[in-house]
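Asks: First the structure, which I've put down as structure tokens, then a few questions once you've had a look.
Coordinate-derived values only; no laboratory data. Model, not experiment: these values are computed from the prediction.
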Amino acid sequence: MSSVSFKCSKMADVEALLPGFKAIWPTIKATCRTSQRCPKRITFTDTVVPVYLNDGECGKRFSLDLRDMSLSAGLHISSGEWACFVGSNPHSGTSTNNDQAVDNIPTTHALLTCAYHDYYRYFTMTIQVNAVNMPKQLPKETE
């Protein structure tokens with residue numbers, strides 16, 4: 001299991017890491033309702049972990065078909081008190097919050113998890129792929 005993270009300052013940085021991303025970014029940006037020009041950090045991983053958002057963060061998950069770079073509809077991830085399972089709250093818990101760990105991703109797809117906060121001006125994206133699809137041509141981690 002491995003992860004590699006990259007700091008991005010412009011769309012060309014992201015496009016070099018994931019060719020075709022420039023075409024899907026407008027859809028992600030509109031679905032997330034963010035004003036960010038591009039993700040500030042991208043992490044590629046084959047590690048299966050659930051999502052833990054900080055209080056005040058927003059989150060969305062997408063399925064990306066790597067064959068034609070098509071996106072699924074975004075699934076909302078709650079943070080703070082909405083993410084906690086409290087009594088019979090129908091809006092809480094992993095079954096309705098879409099924050100559970102996702103295993104057995106097909107080699108033709110990737111799971112995009114976006115965490116962002118427009119007030120603090122950040123947008124991070126974790127791209128979870130099958131271990132077979134972990135890009136081998138990625139440059140060394142940048143800071």
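Asks: Could you give each residue of region 16-27 its phi-based ³J(HN,Hα) in whole Hz, using Karplus coefficients 6.51, -1.76, 1.60 with θ = phi - 60°, and x for Gly or Pro?
Replies: So the J values, rounded to whole Hz, are 5, 7, 9, x, x, 5, 4, 6, 8, 4, x, 5.
Asks: Once amide H atoms are built 1.01 Å from N in the peptide plane, which residues 5 or more positions from TYR122, or in another chain, come under 5 Å H to H?
Replies: HIS117
Asks: Quick one: Karplus J couplings for region 110-121, per residue in order, coefficients 6.51, -1.76, 1.60, θ = phi - 60°, nearest Hz, x for Gly and Pro?
Replies: So the J values, rounded to whole Hz, are 9, 9, 9, 10, 9, 10, 8, 8, 6, 5, 8, 6.
Asks: 5 Å is the cut-off here: which amide hydrogens, built 1.01 Å from N in the peptide plane, fall below it relative to VAL102, excluding neighbours closer than 5 in sequence?
Replies: Counting only residues 5 or more places away or on other chains, the set is VAL49.
Asks: Explain nothing, just compute: Karplus ³J(HN,Hα) = 6.51 cos²θ - 1.76 cosθ + 1.60, θ = phi - 60°, for every residue of region 54-69 in order, whole Hz, x for Gly and Pro.
Replies: Values per residue, Gly and Pro as x: 6, 4, x, 6, 10, x, 9, 10, 9, 9, 10, 7, 6, 6, 10, 6 Hz.
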